[in-house]
Amino acid sequence: MGFIRHVVCAMSGGVDSSVAALLLKRRGYSVTGVFMKNWDSLDENGMCNTETDCEDAYRVCQSLDIPFHQVSYIKEYWHEVFSKLLKDYEKGRTPNPDILCNKHIKFNHFHKYAINTLGADAMATGHYARTSQEDDEVFEQKTTAPQTTLFRDRFEIRNPVRMYQAADLFKDQTFFLSQISQDALRQTMFPLAGLTKGFVKKIAAEAGFHHVLKKKESMGICFIGERNFESFILEYLEPKPGNFVSLEDGAVMGTHKGWFTMTLGQRAKIGGQRDPFFVVDKDITTGDVFVAPTTNHPALFRDMMRTDRFHWVTVEPPAELVKTQMMECHFRFIHQMPLIPCTVTLNMNGSVWISLSRPVRALTPGQFAVLYKGDECLGSGKIMQLGPSEFTLQRGRERLLAAAQQQEQQTPEPAS
Ligand SMILES: Nc1ncnc2c1ncn2[C@@H]1O[C@H](COP(=O)(O)OP(=O)(O)OP(=O)(O)O)[C@@H](O)[C@H]1O
């Protein structure tokens, strides 16, 4: 028998991470529970919900008889997640703070804290996701020699660890993990990888974690909580009033306080309008928000996008893509939306073009395009640019047709 391995489990005070810690303990590891505090505020009722969450996590650790720590990443969250989120809103994009929180906080600062400060052999979370490693392989990662040269060759990683969708496909959270580093993934365990949510709840009940089971599921946006998001974000951004403009005829339909919180596809709240209108585009230089009637207006449907530099979880782009510059795989930009077949092309600067097999509604700049090959989550890139909408294409075809007809009429009689 070797010595007992030490695993640090990120504990939110929720069901999933409580059961994750319990399972790690049952597997015979020495487990430490750590609660992260990333946001410092009281909610609308003057209650600090992170305190009750922390208390809940502590009680679970007590009943498991494992050490408990609390660590604050308020500063880091502010600089690396929240300020980036505000910048994206100012550029007219709709960011995803949960993906950034996993990338910068849980799988960077927390990972380093677990391994370097607490001396753990691995970290764990209650995420529903799977990796290509067995537990024992995770522990072997620590013995790999530290990097000796200043730069690690991008193509040096042998046997990269892959990230797969969880057995419970409905609960799968790889979408939110699509930006995490290979370094962190190599030292991470997901104890819930093979379990369904229902089963996890049953384990929690049997273990007597009633205070945890009673809690409401998920608290909305990462650490900000359930409050009204629009009024919350407007506390941090200068108002940028502008007009609602009808896309179809250019008519001004009303005014708004700022386009930050308006995301493509959402219903526009236009004063005095009885019929529903939907946000289909924004012009951040003029402040115009373009709207169109009907929720499935062709101006909302597109099948092409370009990302920023794509983050591949295994570090290198798939061999097939490097070799041929093209790859067939699957795409989603919203958690739990059905996967859509797509073709990806790789650009010189590491960004990708993604061409979907059919147009989808409300592709949105700032959101992450997440790619899957089979059940492997390959990684993601932030959507920076959209291809033309169905509406634009339709109009283009109509103009071409009209021009052709006009030309036909104008064609001079052939000279005799
Ligand atoms: N405040 C926190 N402190 C420590 N770990 C956290 C915290 N918030 C989230 N985590 C970790 O990230 C995982 C996923 O968090 P998420 O917010 O998606 O909650 P969840 O899937 O509902 O899980 P849980 O039921 O454990 O809250 C958690 O299982 C936990 O390991």
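Please verify whether Val313 is closer than 27 Å to Asp168 by Cβ and of a type in the set (Val, Ile, Thr), treating the condition exactly as stated.
yes
Quick one: is Phe278 free of Cβ contacts under 8 Å to residues at least 24 places away in the same chain, part of a strand (DSSP E or B) and in contact with a Lys or Arg (Cβ under 8 Å, 6 or more places away or on another chain)?
So Phe278 fits the description; yes.
Kindly provide the set of residues from region 58-75 that are farther than 18 Å from Tyr113 by Cα and assigned to a helix (DSSP H, G or I), ordered by number.
The answer is Tyr58, Arg59, Val60, Cys61, Gln62, Ser63, Leu64.
Are any residues in region 372-383 acidic (Asp, Glu) and either modelled with pLDDT under 95 or surrounded by fewer than 19 Cβ atoms within 10 Å (Cβ to Cβ) (or both), and if so, which ones?
Passing the criteria: only Asp375.
I'm trying to understand the selection: among the residues of region 351-371, which are crowded, with 22+ Cβ neighbours inside 10 Å and either farther than 27 Å from Leu85 by Cα or aromatic (Phe, Trp, Tyr) (or both)?
Phe368
Return yes when Arg397 is basic (Lys, Arg), free of Cβ contacts under 8 Å to residues at least 12 places away in the same chain and surrounded by fewer than 12 Cβ atoms within 10 Å (Cβ to Cβ) and no when it is not.
yes
Please indicate, with yes or no, whether at least one residue in region 323-336 is over 22 Å from Thr174 (Cα atoms) and in contact (Cβ under 8 Å) with a residue 12 or more places away in the chain.
Yes: one or more hits.
How many residues are more than 13 Å from the ligand (Cβ to nearest atom), assigned to a helix (DSSP H, G or I) and not aliphatic (A, V, I, L, M) if we restrict to region 99-134?
The qualifying residues number 5.
For region 204-252, how many residues are outside any strand (DSSP E or B), modelled with pLDDT of 70 or more and in contact with a Phe, Trp or Tyr (Cβ under 7 Å, 6 or more places away or on another chain)?
Residues flagged as outside any strand (DSSP E or B), modelled with pLDDT of 70 or more and in contact with a Phe, Trp or Tyr (Cβ under 7 Å, 6 or more places away or on another chain) within region 204-252 amount to 4.
Within region 141-168, take every residue that is out of contact with any Ser or Thr (no Cβ under 8 Å at 6 or more places or on another chain) and surrounded by 13 or more Cβ atoms within 10 Å (Cβ to Cβ) and give me the one that is modelled with the lowest pLDDT.
Lys142
Determine, yes or no, whether Leu64 is modelled with pLDDT under 95 and either crowded, with 16+ Cβ neighbours inside 10 Å or away from the ligand (no atom under 11 Å from the Cβ) (or both).
No.
From the residues in region 299-350 that are in a loop (DSSP other than H, G, I, E, B) and of a type in the set (S, T, N, Q), which one is surrounded by the fewest Cβ atoms within 10 Å (Cβ to Cβ)?
The selected residue is Asn349.
Quick grid of which residues meet (1) at pLDDT below 95; (2) out of contact with any His (no Cβ under 8 Å at 6 or more places or on another chain); (3) aliphatic (A, V, I, L, M):
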position	(1), (2), (3)
Phe82	yes, yes, no
Pro97	yes, yes, no
His104	no, yes, no
Phe110	no, yes, no
Ala114	no, yes, yes
Asp136	yes, yes, no
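Can you tell me which residue within region 264-275, out of those that are part of a loop (DSSP other than H, G, I, E, B) and surrounded by fewer than 17 Cβ atoms within 10 Å (Cβ to Cβ), is nearest to the chain's Cα centre (by Cα)?
So, considering only residues that are part of a loop (DSSP other than H, G, I, E, B) and surrounded by fewer than 17 Cβ atoms within 10 Å (Cβ to Cβ), the one nearest to the chain's Cα centre (by Cα) is Gln266.
Quick one: in region 105-120, of everything that is touching a residue at least 12 places away in the same chain (Cβ under 8 Å) and surrounded by fewer than 21 Cβ atoms within 10 Å (Cβ to Cβ), which residue is nearest to Met163 (Cα to Cα)?
Asn108
Search region 1-20 for residues that are of a type in the set (Asp, Glu) and pair each with any residue that is modelled with pLDDT of 95 or more and more than 7 Å from the ligand (Cβ to nearest atom) when their beta-carbon atoms are under 7 Å apart and the residues are at least 6 apart or on different chains.
Asp16/Leu192; Asp16/Val200
Can you tell me which of (1) under 18 Å from Gly387 (Cα atoms); (2) assigned to a loop (DSSP other than H, G, I, E, B); (3) out of contact with any helix residue (DSSP H, G or I) (no Cβ under 6 Å at 6 or more places or on another chain) is the one Gly366 doesn't meet?
Here Gly366 meets the rest and fails (3).
The values are calculated or read from the model by the stated rules, or taken from the named source; none is laboratory data. Since the model is a prediction, treat every value here as computed from it, not as a measurement. We place every Cβ from the backbone using ideal geometry, glycine too, and count neighbours over all the protein chains shown.
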